[in-house]
1. Working only within the range 22-48, note down all residues that are open to solvent by 100 Å² or more (accessible area, probe 1.4 Å) and touching a residue at least 12 places away in the same chain (Cβ under 8 Å).
2. Considering only residues of the range 69-80 that are open to solvent by less than 100 Å² (accessible area, probe 1.4 Å) and either under 18 Å from the mean Cα position of the chain (by Cα) or at pLDDT 80 or above (or both), which is farthest from residue 12 (Cα to Cα)?
3. Which pairs turn up if I take residues in the range 52-72 that are charged (D, E, K, R) and look for partners that are open to solvent by 100 Å² or more (accessible area, probe 1.4 Å) with beta carbon separation below 9 Å, at least 6 apart in sequence or on another chain?
Amino acid sequence: MQPSSQSSVLRYIQGYPENIVSQVEQLIVSNRLVTWFESRYPENHTIKSEKALFDYTMSFKNRYMKKTQPLSKVSTTIKFI
């Protein structure tokens with residue numbers, strides 16, 4: 001993984017304890033992060049687009065939260081305030 005890729009991955013786990021961040025850093029440096037994920041989570045999900053994510057979220061909402069207001073937005077972007 002390139003250094004810029006490493007820093008972009010690490011920004012998603014900044015709030016985790018230092019021992020976890022260092023473990024992830026070690027996996028990235030040794031080029032084993034993808035292998036670890038594939039062994040830990042062997043089945044990939046089928047959500048590959050924003051539309052598929054929205055459809056999945058709507059079906060979940062309609063099944064478990066029927067009385068809530070309609071969703072206005074579903075996003076894969078993580079924003080920290």
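1. Those that are open to solvent by 100 Å² or more (accessible area, probe 1.4 Å) and touching a residue at least 12 places away in the same chain (Cβ under 8 Å): 29, 31.
2. Keep residues of the range 69-80 that are open to solvent by less than 100 Å² (accessible area, probe 1.4 Å), which gives 71, 74-78.
Within this subset, residues satisfying the condition of being either under 18 Å from the mean Cα position of the chain (by Cα) or at pLDDT 80 or above (or both) are 74-78.
Values: 74: 19, 75: 15, 76: 13, 77: 11, 78: 8 Å.
That would be 74.
3. 61/70
The values are calculated or read from the model by the stated rules, or taken from the named source; none is laboratory data. This one's a predicted model, so the numbers in the text were calculated from it and none came from an experiment. Neighbour counts are summed over all protein chains in view; Cβ atoms, including those assigned to glycine, are modelled from backbone coordinates with ideal geometry. Just the protein is used for accessible areas: all its heavy atoms, side chains included, with ligands, DNA and RNA removed. Shrake-Rupley method; radii C 1.70, N 1.55, O 1.52, S 1.80 Å.
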